[in-house]
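First comes the structure, then the notes that go with it.
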Amino acid sequence: MTAQAPNFVSPLLQFALRRNESDSVILSRLSKSVLFIAVTLVLSLLAVPSEAAVKRSVSMTPIPASLIAGQQITLSGKTTGGLKGSKVKIQIKQGKKWKTLKTVKSKKKGGKWSATITAPASTPALSIRALSGTKKTKVQSIAVVAPLNFVTVGPGTRILGVDLSRWQSIGEALDFNRMAAAGVAYAFIKGSDGLATEDEKAVPHVTEWAPAAKAAGILVGYYHFARIPVTADPNVIVADAQAQAAQAAARLAALGGYDERTLPYVLDVEGVDPTITDEMVTLWTFTWLDAMQAATARVPIFYSYRNFIASRYLQDAPTIEKFRNYHLWLAQPGNPADPAVQVGQGLSGRPCYESAWKQTDCSYVWTFWQYTNSGDRELYGIPWRPSSGDCPVDVTLCRPGRDSGRNHLDLNVFNGTAADLTALVSGSWVRSAAEYR
């Protein structure tokens, strides 16, 4: 029998064969993975077109059907595709030609653009469009009407106004002709109150004063004093806000509704019970504003003061975005004639008050500014009684007795032109986020 040599090669060969088979499997799997990634990448490139392949276009948001000559309005829109970051021209039609009023640049990221223009006084009708590259928007046609005539006799050469409630009454008629002669262009009168007893006290004054003020040529606005219930139940909050909005809307209708001499209704929110959460205060306020707008087809005005807005309202993005749709009437002691005073800014110890209306320099985007509560009632035709002593000899409206005194009247200034104030009356001036910086 022949002896066999020891099989030293066979195990090595078997290991090599097994290793080769394993490498082949790995290689095969790796090839499949690479192929899958490559196919996925190709498909994704096919599915998402390049920026250049996206359709190039320019858009512009709708403009109100009518503007006031001289009114400032902020237009906005968006560019897409290769037009992002490009110039956008705002053009109006003059005869058969298009004239560029303003040129702005859209943002490279997102393509948004905005531009503030002034409605020209030279035409009763306006055709306007936006142009970017060779693309243009649809032409929008707008009527242009003449503004009401207001004098700018307020401090800082602004348009002056007052706000009135039962606290300005001693039982005698107010002289609105004298008030108008002193330069008052508008008067906000307390029209309604969420507390029934206070609401009843407001009715006789607003019913008498509103027509008298309009007859003297003074614009009239009404305000509702909010009474937010002490509850953590959002259903109760919503129901109460809707009821108070319905109350204000009914009062507006009883006073004749909106006409060419009436400013938007105001919501006055201040002095809320500290146990009510910020969430409930915010919910109540927005519910009232929404309900009032739905009932009257006009965007209301919001009134409060800096510390309350900063401390009692949510400061999240949705709240800020919504609040910026409303004109702000801000109570802040100060001198409108002092150019160093910025409405909304605080003192050196607290320069910034957080709010939707705050800008990067801590000043506010505001529409009305209640700058003092110490106006001269004698000057503006409001009878008064001294807080102490006797009546001076050189006045005509002082009456014997005791009351809050001569200097007890809220004075306000308007942040805009006569055209802007007329536009606010007509409902064509609505705030937008594009106005903020």
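For the reader, a short list of remarks on this structure follows.
- None of Val238, Val206, Val230 is under 30 Å from Thr157 (Cα atoms) and not small (Gly, Ala, Ser) except Val206.
- In the condition set (1) out of contact with any Ser or Thr (no Cβ under 6 Å at 6 or more places or on another chain); (2) of a type outside the set (D, E, K, R); (3) part of a loop (DSSP other than H, G, I, E, B), Gly344 is compliant with all but (1).
- Hey, Arg431 farther than 22 Å from Ser76 by Cβ and in a loop (DSSP other than H, G, I, E, B) or not: no
- Conditions (1) of a type outside the set (D, E, K, R); (2) assigned by TED's automatic domain parsing to the domain that holds Gly257; (3) without any contact (Cβ under 8 Å) to a residue 40 or more places away in the chain; (4) out of contact with any Gly (no Cβ under 8 Å at 6 or more places or on another chain); number of the one not met by Cys362: (4)
- Here is the figure for region 298-327: residues that are farther than 18 Å from Ala226 by Cα and in a strand (DSSP E or B) total 0.
- The listed residues are Gly70, Gly85, Gly77, and the only one of them that is at pLDDT 70 or above, surrounded by 10 or more Cβ atoms within 10 Å (Cβ to Cβ), in contact with a helix residue (DSSP H, G or I) (Cβ under 8 Å, 6 or more places away or on another chain) and closer than 30 Å to Ala130 by Cβ turns out to be Gly70.
- As for region 268-277, it holds at least one residue that is within 18 Å of the chain's Cα centre (by Cα) and not charged (D, E, K, R).
- For region 323-357, the set of residues classified as over 21 Å from Ser374 (Cβ atoms) and of a type in the set (Asp, Glu) consists of Glu354 only.
- Any chance Ser132 is crowded, with 17+ Cβ neighbours inside 10 Å, out of contact with any Asp or Glu (no Cβ under 9 Å at 6 or more places or on another chain) and not assigned by TED's automatic domain parsing to the domain that holds Trp366: yes
The values are calculated or read from the model by the stated rules, or taken from the named source; none is laboratory data. All values derive from a computational prediction rather than experimental measurement. All Cβ positions, glycine included, derive from the backbone under ideal geometry; neighbour counts span all protein chains shown.
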